[in-house]
Protein chains: 2
Amino acid sequence: MAGSEEIRLRFPDGSVRTFPRGVTGLDVAKNISPRLAKEALGIVVDDEIWDLTRPIEKDAAVRIVTWNDPEGKYVFWHSSAHLMAEALQSLYPDVKFAIGPPIEQGFYYDVDLEDGKITEEDLPRIEARMTELARRKAPYQRQTVSRDEALRYYRDRGNPYKVEIIEELPPEAEITFYTQGDFTDLCRGPHLPHTGYIKAPKLLNVAGAYWRGDEKNKQLTRIYGITFPRRKMLDEYLQWREEVKKRDHRVLGKRLKIFTFSQEVGAGLPLWLPNGVALRNALTEMLQKEQRLRGYRPVVTPHIARTELYKISGHYDKYKESSFQPIKTPHEKEEYLLKPMNCPHHCIIYKEEPRSYRDLPLRLAEFGTVYRYEQSGELHGLTRVRSFTQDDAHIFCRPDQVKSEIKGVLEMTLNALRRLGLNDFYVQVSLRDPANPEKYIGAPERWEQAEQALREVVKEVGLEAREEEGEAAFYGPKLDFMVRDALGRAWQLGTVQLDYNLPERFDLVYTDEQSQPQRPVMIHRAPMGSLERIVAILLEHTGGNFPLWLAPVQVIVLPVSDKHLEYARQVGRRLFTEGFRAEVDERSETIGKKIRDAEHRKIPYMLIVGGKEAAEGTVSIRRHQHGDQGVIALEAFIPILHDQIHNETA
Amino acid sequence: MAGSEEIRLRFPDGSVRTFPRGVTGLDVAKNISPRLAKEALGIVVDDEIWDLTRPIEKDAAVRIVTWNDPEGKYVFWHSSAHLMAEALQSLYPDVKFAIGPPIEQGFYYDVDLEDGKITEEDLPRIEARMTELARRKAPYQRQTVSRDEALRYYRDRGNPYKVEIIEELPPEAEITFYTQGDFTDLCRGPHLPHTGYIKAPKLLNVAGAYWRGDEKNKQLTRIYGITFPRRKMLDEYLQWREEVKKRDHRVLGKRLKIFTFSQEVGAGLPLWLPNGVALRNALTEMLQKEQRLRGYRPVVTPHIARTELYKISGHYDKYKESSFQPIKTPHEKEEYLLKPMNCPHHCIIYKEEPRSYRDLPLRLAEFGTVYRYEQSGELHGLTRVRSFTQDDAHIFCRPDQVKSEIKGVLEMTLNALRRLGLNDFYVQVSLRDPANPEKYIGAPERWEQAEQALREVVKEVGLEAREEEGEAAFYGPKLDFMVRDALGRAWQLGTVQLDYNLPERFDLVYTDEQSQPQRPVMIHRAPMGSLERIVAILLEHTGGNFPLWLAPVQVIVLPVSDKHLEYARQVGRRLFTEGFRAEVDERSETIGKKIRDAEHRKIPYMLIVGGKEAAEGTVSIRRHQHGDQGVIALEAFIPILHDQIHNETA
């Protein structure tokens, strides 16, 4: 078919169609439907994303992408970064551009303003210019240039950043410029057909950023923005963003007195306040109960160990540069490390006594705290910390037990997620790269068996799964739980990881039925990941409106006035004795103020008590976010609370 | 009265008697009663312990001491060290003596044998020689010598140790030698009248010891021994010692799989095995329940903090030399310390929000793990470790709340001790040194108030108390709980410590009724001291025969044969569901072997099930150390267990 005037394009549904050579993505989309042509933002050609306007010269597998595809947003926001750059250039003629990529939510551009400065107050003006430029529907034009041309272009304009980027490109690289209106940028593309696609730009904030992320370099100005193909989508986005802000676990954590950080204690080291400990305890008790029923055995191990332990495990080589440095001792020249993982300690406990095939599986569980050094700029509330407590366990089992053990772990995780009200999740199954079997430790037949077990179990439990070849660790395949919260954001939660490596390194054995030594398989598992992580997610997912069983304060008694304080205390004591987390608001405030404060604290139940209630032994119930629920005898209310908690946790 | 031939001696009962000048302690004792003369071992003359044979030349307060006084044992064992030295000298003529003091239980002597060696096999021969020498009733003769004489004596004998000791004595020191039989020793005394007092010597063991405890010096041989005035007392002692050995918590901890240590993890860092975690959990739950009822609020704080925190608290200066060294970070030049104490973290939490007089007392509780570097030679099982978890809390209160808070702490501690079966205890009340008021921080009237409060509370609660002036810390008075175990040994348990220092250092304030800032008082309290300590004590106190509520495994089901395994499992599941820590012995062993193993594991209840039991839904009960208790319906047994636990913990 070489030299033919026609090419054959294969579509995702398997169909193949013939087009004239040099057809563009836009033409292809039009050919399929006018609607698709309107929605199209780019075209994937043989796994590479292309401009819709770029001619396709040979047979290929193609896929039109729209806003609903990650690649569609990528193109849209990439072009939007160029549009912002064009607006900046027209408003700040001396601006020099460094890099301007699309990101998960929008895009940014790092710019050098020499002596100038851009603050958030300038953003509306830039935004307005973007809108104006977009209306011109200027096409994004692709042009291949030689290295010399490219270098000359930027040297003439005194832009050291682009020069540096070009100089570092491999000699064989094709260099392309994209131009829209008056603005030209060094860029691989692809881009939208023209700026008119960008209907609703919004610049979000300004930050400092070092060139190439290196604090030894010049600090540039980073401008973040986002754009949408429709104004309504921007409005929805801004509303969502407000909601995200309101649910920021750092803000809620402070307001609800869950946790705090202290400059003196150190960044990234959470201090859990009483309300936070109530949450932690409710979570750990729930998990411990599950673990007890599933035959886990709790252990408690030190937070430090000699570096020797981590040399055996291999963690020392992996973490030594980037982690908290070794702890030396005043005498005896010992060296200890804060533990980066609990598994080596559990391997030591496995070795504490001889194990036979009858003793397996051995499931050692520990809410174990581990330490990872993160640079302070990377810390974020409870989701990126320097110490965190994993809901950790290690299962040592025979190869023939792998499947049932993993199934048990998944069932347990699903139970826990359901109780937490996290019902939208899937698992990523990380498998070997079949092209590079030599990268992996452990007998291939064991991998085969384990991967097969993972696949089957995920199916049996009825989980939505995404398989990723080549994503397994060198020491074993794994499952990662991904949870979507109430705002649709995906969070990585826990993990189930097979390990053929540590049993080797620690020389773990069990004797089989023939009294022969055999190597056990090790399964690392932490359904929630860490208490810090799950509390952060729950705060953002619920906005602090926890289910009753988790609420740090479950009931607050609000006396109408000081005259009713004695009865209020009596009610409080009764609830407390029943095991509820109950408080009495003893302040001499108005009942209105007391209710507002309790609502602000998101306490599920407010019991308002005045003269009538005191006389009749009743309470007037108000539920957070639901208002008044009527008057009921205290003794009738108690079983209601018990039932609700029982139903939430059963 | 100077120059008179008579002196006046005052006795402990206040009576004063006249004796001829130069009277000896032995004469005085004879004068009182022949029985006392027989029992007397020394005499305290104006607070100094003297030989019974030393003439008393002037008026004095005196007290005859016997075996029942610590000073009596001191004299007895000091003389016994000399007797052992005499025996050694006769058997090893080249031996050089270093130091040989009495200790809490017996005495030792550090000796240099040059090329020779003494092992435990040699001890009977030395013991026999001691008995032989003792029978000679050689008097211990005191002699004052000049420094030159003393130095010459030891230089002639080539003994560098005694020479060093003499050279270091202050110039004005009176130097005395004591001689019995062929043996002379540099010694302050005092000693027994003659060696015949020593009826029953026993040499216990041999160890290495560096001269002056410094590993750069020569290693000497340390021989430990003990002696008694009667053979029967030695027999009782040896029996007691056997019992102590059997109850050694290190041995029991291993046998009962409570905890372990690992060379790889590091000395002094306990790893808690599942049985140990069951114990820890039972203990913490009991304490948490008490704390909850008393309004404590739990917090959880990191195990590390920046050195800055400990500079504020003062711990950095106190611990820096002797503790685990600071942890450096790969970037940002930060420094962290493993926490030596929980209190600074709790002060930070106190400061987290403004506190008013109405918010106090604030009681922050944490089972917080702290780290102390101890030299490996000083480590001992769970009683001397490098990391331990305190049952810690800090109460921040107003000065007028100190008394009621301390009372609450004492009541809580007494409840806890009672539940643990530790019924023999007293408190030491450590007060200011009234002679040095300038040594103490905090207003004198607050000290006065606090000490008075401590005294009153101890009385109100009905505790046996011993006041010790000058034993208070510079920052506040304290109470220490001393517990005597089943073998009569005293253990220091928890502490209640007032603190006027940290509130100053952290600038803690609350606003009083007039909205004026005031300094709170801080009370440190840890009723058990640490989980490690209390578990060690309980192991030694109970010999591993824990009360049911604490037993790591409460019930074990023993099927008579494999045929009854299914019913055994059914019984096990039923007990497990009821919340008991229950196991099933699934091994194909004889029932006799299963019972022996369960007895060995000290499991309180063994349920033996065979065909009859399976058919009738019953269990045959055997109690550890109590034997068979008869057959009972399983469903009737369950409430018995619940009741027993309820009664033990109520």
Here the qualifying pairs (Cβ atoms under 8 Å; residues six or more apart or on different chains; first in segment B:214-240 and over 16 Å from B:Met130 (Cβ atoms); second hydrophobic (A, V, I, L, M, F, W, C) and part of a helix (DSSP H, G or I)) come out as B:Asn217/B:Trp211; B:Lys218/B:Trp211; B:Gln219/B:Trp211; B:Leu220/B:Trp211
Among B:Gly196, B:Gly158, which is of a type in the set (Gly, Ala, Ser), closer than 18 Å to B:Phe107 by Cα, over 31 Å from the mean Cα position of the chain (by Cα) and not in a strand (DSSP E or B)?
B:Gly196
Taking segment A:248-273 as the region of interest, how many residues are aliphatic (A, V, I, L, M), closer than 18 Å to A:Ala551 by Cβ and within 9 Å of another protein chain (Cβ to nearest Cβ)?
1
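Here's the yes/no breakdown for (1) closer than 20 Å to A:Ile49 by Cα; (2) in contact with a helix residue (DSSP H, G or I) (Cβ under 8 Å, 6 or more places away or on another chain); (3) part of a helix (DSSP H, G or I):
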position: A:Ile165; (1), (2), (3): no, no, yes
position: A:Pro170; (1), (2), (3): no, no, no
position: A:Tyr178; (1), (2), (3): yes, yes, no
position: A:Thr184; (1), (2), (3): no, yes, no
position: A:Arg188; (1), (2), (3): yes, no, no
position: A:Leu192; (1), (2), (3): yes, yes, no
For segment A:257-300, give me each residue that is in a loop (DSSP other than H, G, I, E, B) and either more than 23 Å from B:Ala365 (Cβ to Cβ) or out of contact with any strand residue (DSSP E or B) (no Cβ under 7 Å at 6 or more places or on another chain) (or both).
A:Lys257, A:Ile258, A:Gln263, A:Arg294, A:Gly295, A:Tyr296, A:Val299
Can you find a residue in segment A:98-120 that is in the same structural domain as A:Ile165 (by TED's automatic domain parsing), surrounded by fewer than 20 Cβ atoms within 10 Å (Cβ to Cβ), of a type in the set (D, E, K, R) and in a helix (DSSP H, G or I)?
yes
Can you tell which of B:Glu243, B:Glu308 is outside any strand (DSSP E or B) and either at the interface with another protein chain (Cβ under 9 Å from one of its Cβ atoms) or free of Cβ contacts under 8 Å to residues at least 24 places away in the same chain (or both)?
B:Glu308
For the list (1) more than 16 Å from B:Gly295 (Cα to Cα); (2) buried (at least 20 other Cβ atoms within 10 Å of the Cβ), I need the number of the one condition that A:Arg581 fails.
(1)
Only one of A:Ser79, A:Ser90 is surrounded by fewer than 20 Cβ atoms within 10 Å (Cβ to Cβ) and in contact with a Leu (Cβ under 9 Å, 6 or more places away or on another chain), namely A:Ser90
Lone unmet requirement of (1) modelled with pLDDT under 95; (2) at the interface with chain A (Cβ under 9 Å from one of its Cβ atoms); (3) buried (at least 21 other Cβ atoms within 10 Å of the Cβ) for B:Gly276
(1)
For B:Ser313, which of the numbered conditions (1) among the small types (Gly, Ala, Ser); (2) at the interface with chain A (Cβ under 10 Å from one of its Cβ atoms); (3) surrounded by fewer than 19 Cβ atoms within 10 Å (Cβ to Cβ) fails to hold?
(3)
Taking the condition in a helix (DSSP H, G or I), assigned by TED's automatic domain parsing to the domain that holds A:Lys311, without any contact (Cβ under 8 Å) to a residue 12 or more places away in the chain and over 17 Å from A:Pro527 (Cβ atoms), does A:Glu445 pass?
yes
Taking A:Leu273 and the conditions (1) farther than 20 Å from B:Gly368 by Cβ; (2) free of Cβ contacts under 8 Å to residues at least 60 places away in the same chain; (3) in contact with a helix residue (DSSP H, G or I) (Cβ under 8 Å, 6 or more places away or on another chain), which numbered condition does it fall short on, given that it satisfies the others?
(1)
B:Ile645 versus (1) in contact with a helix residue (DSSP H, G or I) (Cβ under 9 Å, 6 or more places away or on another chain); (2) farther than 28 Å from A:Asp359 by Cα; (3) surrounded by 16 or more Cβ atoms within 10 Å (Cβ to Cβ): which is the lone unmet condition?
(1)
What pairs come up if the first residue lies in segment B:369-385 and is farther than 16 Å from B:Gly213 by Cα, the second is part of a loop (DSSP other than H, G, I, E, B) and among the small types (Gly, Ala, Ser), and their beta carbons are under 6 Å apart, counting only those six or more places apart or on different chains?
B:Tyr373/B:Ser323
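Yes/no matrix, rows are residues, columns are (1) at the interface with another protein chain (Cβ under 9 Å from one of its Cβ atoms); (2) within 19 Å of A:Gln263 (Cβ to Cβ); (3) modelled with pLDDT under 95:
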| site | (1), (2), (3) |
| --- | --- |
| B:Tyr319 | no, no, yes |
| B:Pro326 | yes, yes, yes |
| B:Pro354 | no, yes, no |
| B:Glu366 | yes, no, no |
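Conditions tested, residue by residue: (1) over 15 Å from A:Ile99 (Cβ atoms); (2) of a type in the set (Lys, Arg); (3) not assigned by TED's automatic domain parsing to the domain that holds A:Arg129.
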| site | (1), (2), (3) |
| --- | --- |
| A:Thr179 | yes, no, no |
| A:Asp185 | no, no, no |
| A:Thr195 | yes, no, no |
| A:Lys199 | yes, yes, no |
| A:Asn205 | yes, no, no |
| A:Trp211 | no, no, no |
A:Leu379 meets each of (1) at pLDDT 95 or above; (2) in contact with a strand residue (DSSP E or B) (Cβ under 6 Å, 6 or more places away or on another chain) with one exception, condition (1)
Kindly establish whether B:Ser430 is facing chain A (nearest Cβ under 10 Å) and closer than 27 Å to B:Ser322 by Cα.
no
Among the listed residues B:Glu353, B:Glu290, which satisfies the condition of being without any contact (Cβ under 8 Å) to a residue 60 or more places away in the chain and more than 20 Å from A:Lys328 (Cβ to Cβ)?
B:Glu353
Select from segment B:28-46 the residues that are surrounded by fewer than 18 Cβ atoms within 10 Å (Cβ to Cβ) and not in a loop (DSSP other than H, G, I, E, B) and list them in ascending order.
B:Lys30, B:Asn31, B:Ile32, B:Pro34, B:Arg35, B:Leu36, B:Ala37, B:Lys38, B:Glu39
Return the residue satisfying two criteria in turn: it lies in segment B:320-333 and is surrounded by fewer than 19 Cβ atoms within 10 Å (Cβ to Cβ) and touching a helix residue (DSSP H, G or I) at 6+ places or on another chain (Cβ under 9 Å), and of such residues it is nearest to B:Ala393 (Cα to Cα).
B:Lys320
From the set of residues in segment A:342-395 that are among the hydroxyl-bearing types (Ser, Thr, Tyr) and surrounded by fewer than 17 Cβ atoms within 10 Å (Cβ to Cβ), which is farthest from A:Leu252 (Cα to Cα)?
A:Ser356
Can you find a residue in segment B:543-562 that is touching an Asp or Glu at 6+ places or on another chain (Cβ under 6 Å), of a type in the set (Phe, Trp, Tyr) and farther than 15 Å from A:Arg292 by Cβ?
yes
Among the candidates B:Arg372, B:Arg384, B:Arg398, which residue alone is away from chain A (no Cβ under 14 Å), out of contact with any strand residue (DSSP E or B) (no Cβ under 6 Å at 6 or more places or on another chain), more than 30 Å from B:Thr511 (Cβ to Cβ) and basic (Lys, Arg)?
B:Arg384
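The values are calculated or read from the model by the stated rules, or taken from the named source; none is laboratory data. Please read these numbers as outputs of a predicted model, since none were measured by experiment. Glycine also receives a Cβ, built like all others from the backbone with ideal geometry; neighbour counts cover every protein chain displayed.
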